[in-house]
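Below is one structure; the comments refer to it alone.
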Amino acid sequence: MKRQSLSAGFLALGCILISAVAAQQLDTIIYLPDTLGSIGNPTQILSNPLTGRVYVINSDDVVVFDPAVLEKARVFRGEYYLAVFCPGVDKIYLVCVGDENAGLTVVDARADTFLRHVELPSEYPLSLAYSRLSNKLYVALEEYPLVVFDPSGDTVLRVLETVEEPGVIVWDSIHDRVFAGTDDSLVAVSCASDSVVARMPLSGEATAFALNPVGHKLYCSDGSDSIYVIDTDLLHMAGSVGVTAVRGLMYNPVNNRLYCRSYYHIHVVDCDSDTVRARFQLGVPSDLAFSPFTGRVYIACEDARGVAVIDNGDSIVGWLPDGNPHDFRVLEVFPARAELYCAMFEDLIAIIDARADTLKSYMVYENYQIRGMVFNSGGSKLYLLCPYQDVVLVLGPDDSIVSRIKFGLRDKDAFPIINPALNRLYIADEYYLWVIDCNTDQLLDSLAWTRTGLKEAIMVLHPGLNKLYVFPEDAASSGRSIRVYDCLRNELVKTIDVGEETPCAVYHPRSNRIYFGRKGPPVVQVLDPMRDSIVSTIEAGSSCKDGRMVADTDLGLVYFSNDRSNMLYTIDVRADTVLQALELPRDMDTLIWNQRLSKLYLSRFSSLYGKTCVFDCRADSIIGSFPDTTVYAGLMNIRNDKLYLGTTSGITVVDCRYDSVIACMPEMPRPRFMAWNPIENRMFMAQRSSWLVVYRDDPIGIEEKPESVLKFGLALVSNPGRMRARFQCRIPPGQTAALAVYDAAGRRIGRQMVEGKDSPFTITWDGKDTKGRQVPAGVYFARLESEARTATVKVVLE
């Protein structure tokens, strides 16, 4: 049965709780220190055998990271795309192609530190080749002859005018020669004398080289229909292999085969007979590497399933790292650590065990990517979930990182919840429940779910019993059950099979039960925590996908939005029945409750046609809405009655007393995660990135009014109360007022005249109506009324 609505006059007066002039303002912007830096488009990975660190070269900078601790060690700023290690001088040379600092950046390989920058006779270096025997570095420059560079003194030794405009160069360790490809020929240069010893004609410009030191051969592609085979002993053409449109070549000494990368294929060539043995179509191959331990070949493929693995039998035996689509661009095997590094475009690095071909770990080489946050008032700490780095960052009261809790957190949809009684943080991800002690910020325990996992798990805490109920929002058929975790015993005590995903759940203290929706059947089910069993089922329209719930603890109600039927259901928790089914303007998947004003704000997040509706919980009706906008996150500041909505253009601030937009702050567009610090009245906003915007709301104050108005007011001294309430009244001297009490339906059940005297003074209501009868437990409203002024407060009797 639908509850009666309050009268319009009392509704308007009931919203006037206290006047406020609080204004939000930008407090600070917190930039989290990154772990690996950011990389846009990786072009090369270089391992440093002296320090064990790995250089990832891209168009924006060079990031040096330590794979042993998965942290960044150094960043070299500049437009780099190529690097070479020179063991004779323990230096690494980075090729920089920027207009202002084109040339070579010299790095001390023993400490991974910058030494100097060396300008070259011409801009835009194209290729490098280092001769270990002669300790010389050969540099191919755009539209310039071959340059011979001395690594010992970091100076140019000479320019070989006879080798005009080489494109690609490679060093032959057997004969200590450098081969350079020019516009129409292949030139062999002796590193001992820096003189041309042979010149062989090509049909076009050389684009790729691969040396075969076992067979003393050089494979050269010039973009024609064949790969040239050069005898490096006799320096003449020894044959050709029919492979077209070659973009890259790699020789594998373990199985003596040549791997040719074209636009859509990989050709495998037997280097004994120089014939094609196999051909694979793998999307768009971008780079190749081989394991010196197993001889297997790794092929990075764009728009495919990651890195293909080819064994010595010329068969695809698997995909790394996990068979999911990845846009890997470059590969590098580090023999000293027996690891393969796979760099992805604008995402991550996968570390593969090069002996067993198994995934060892991931490293995100962007900054910390926040995927969730929760504020703990107990320690005044903000916990930031960064699953791509397997870490939870803890920010202290001064906004500095006070702890880094590193463990196996990898689920981007992990759900955090604080247990204030035990001062612990619980994080539910797909496969584990993680328990963190917020006193020490240490990982206490981890509980593994079933092998099928609980994707997008949500949690509800029963504070009295200290139990966690973990619901599967999106799970496989065998994982569709509720896990009951005892926080005191630190163990899983029961599993309740529900057979369906659960998109929403809330605990209601009035009935001491948990209510949860089901995706399949159109029902809301009721769980009794005392017996951990389902005791009731409530029909609620059609099946839902992303329904949400809010527990109205004042009125003893649960609101359930069914996004598929566009309905808002009001459920009475005392009888577990639907009081009202209200049709909404559109499907809503987010509910934000303002307890003090008894309003509910409904939105459809991340929608191009989003609209936020305002539902009056006392009147059971929609009383307004905000203009169409795309909303990404929402946060209620119950101290100042303000709603913060993250939109495309920034943070929209809504005054919930009048349901009007009062500000728009552009510092954080499209925020995904929000948290409120009630101690300092600060709002934290974050995207899926490494920085937070913090807003501070001024404390509520009283509007400047005449002296007589300032001395008029009503406040609660203690509430909720056991069937009684005490009020603090302010009335100007010589004036009188009436203190009236109304029930939730707007009916006046009591009235008492009071006279102004020394303010403030206290009045006690014994919880009885005008006839002396005890009123039932519930929500009531007390209103202090005078001819010029009224003040209203909400009263809860238990």
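The values are calculated or read from the model by the stated rules, or taken from the named source; none is laboratory data. These numbers come from a predicted model, not from an experiment. Backbone-built Cβ (ideal geometry, glycine too); neighbour counts: all protein chains shown. Protein only, heavy atoms only, side chains kept; ligands, DNA and RNA dropped before computing areas. Shrake-Rupley method; radii C 1.70, N 1.55, O 1.52, S 1.80 Å.
How large is the accessible surface of residue 779 in square angstrom, using a 1.4 angstrom probe and rounding to the nearest 10? Per-residue accessible area (residue 779): approximately 10 Å². Ranking 443, 379, 238 by Cα position along the charge dipole of the chain, where only Lys, Arg, Asp and Glu carry charges on their C-beta atoms, puts 379 farthest toward the positive end. Dipole magnitude for the chain: about 4800 debye, using +1 per Lys or Arg Cβ and -1 per Asp or Glu Cβ, origin at the Cα centre. Take residue 161: with every protein chain present and a 1.4 Å probe, its accessible area is about 120 Å².
Based on the Kirkwood radius over alpha-carbon pairs, what value in µm²/s does the Stokes-Einstein equation return for the translational diffusion coefficient of the stretch 253-295 at 37 °C and 0.692 mPa s? Using the Kirkwood radius from Cα pairs, D works out to 297 µm²/s.
For the set 142, 583, solvent exposure ranked by accessible area (probe 1.4 Å, protein chains only) runs largest to smallest as 583, 142. Sorting 290, 471, 280 by solvent-accessible area of protein heavy atoms yields 290, 280, 471, largest first, with a 1.4 Å probe.
Under the simplified labelling scheme, the residue 753-residue 437 pair shows an inter-label distance of 6.5 nm, with each label point 7 Å from Cα along Cα→Cβ.
The equivalent ellipsoid of the stretch 497-641 has semi-axes of 24, 18, 13 Å, largest first, where each one is the square root of 5 times an eigenvalue of the Cα gyration tensor.
Per-residue SASA remark: residue 691, around 60 Å² accessible (1.4 Å probe; ligands, DNA and RNA not included). Can you give the translational diffusion coefficient of the stretch 394-447 in µm²/s, computed by Stokes-Einstein from the Kirkwood radius over Cα pairs at 20 °C and 1.002 mPa s? For these conditions, the coefficient is 182 µm²/s.
The charge dipole of the stretch 538-625, taken about the Cα centre with unit charges on the Cβ atoms of Lys, Arg (+1) and Asp, Glu (-1), comes to about 300 debye, rounded to the nearest 20.
Solvent-accessible surface of the stretch 117-236, averaged per residue with a 1.4 angstrom probe and all protein chains in place: 40 square angstrom. Each of 412, 519 has its accessible area taken with a 1.4 Å probe; listed largest first, they run 412, 519.
Within the accessible surface of the stretch 176-322, defined with a 1.4 Å probe on protein heavy atoms only, the carbon and sulfur portion equals 46 percent. Computed over the stretch 97-162, the P(r) tail beyond 20 angstrom holds 26 percent of alpha carbon pairs. Taking the Cα centre of the stretch 201-343 as origin and assigning +1 to Lys and Arg Cβ atoms and -1 to Asp and Glu Cβ atoms, the resulting dipole is close to 200 debye. Summary value for the chain: 8 percent relative contact order, contacts being C-alpha pairs under 8 angstrom separated by 6+ residues. Across the stretch 568-576, computed HN-Hα scalar couplings (Karplus, 6.51 cos²θ - 1.76 cosθ + 1.60, θ = phi - 60°) run 10, 9, 9, 10, 7, 6, 6, 10, 6 Hz from first to last residue, x flagging Gly and Pro. For the stretch 514-621, carbon and sulfur atoms together expose 47% of the accessible surface, with a 1.4 angstrom probe and every protein chain in place. Of (i) 61.1, 210; (ii) 35.3, 118; (iii) 79.9, 217, which one was derived for Rg and Dmax of the Cα atoms in Å from the structure shown? The calculated read-out lines up with (ii). Under the rule a/c < 1.5 gives rounded, and otherwise a/b versus b/c splits prolate from oblate, where does the stretch 114-241 land using the Cα gyration tensor? Since a/c reaches 1.5 and a/b is larger than b/c, the shape of the stretch 114-241 is classed as prolate. Amide H to amide H, with H built 1.01 Å from N, residue 795 comes under 5 Å of 780, 781, 782, counting only residues 5 or more places away or on other chains.
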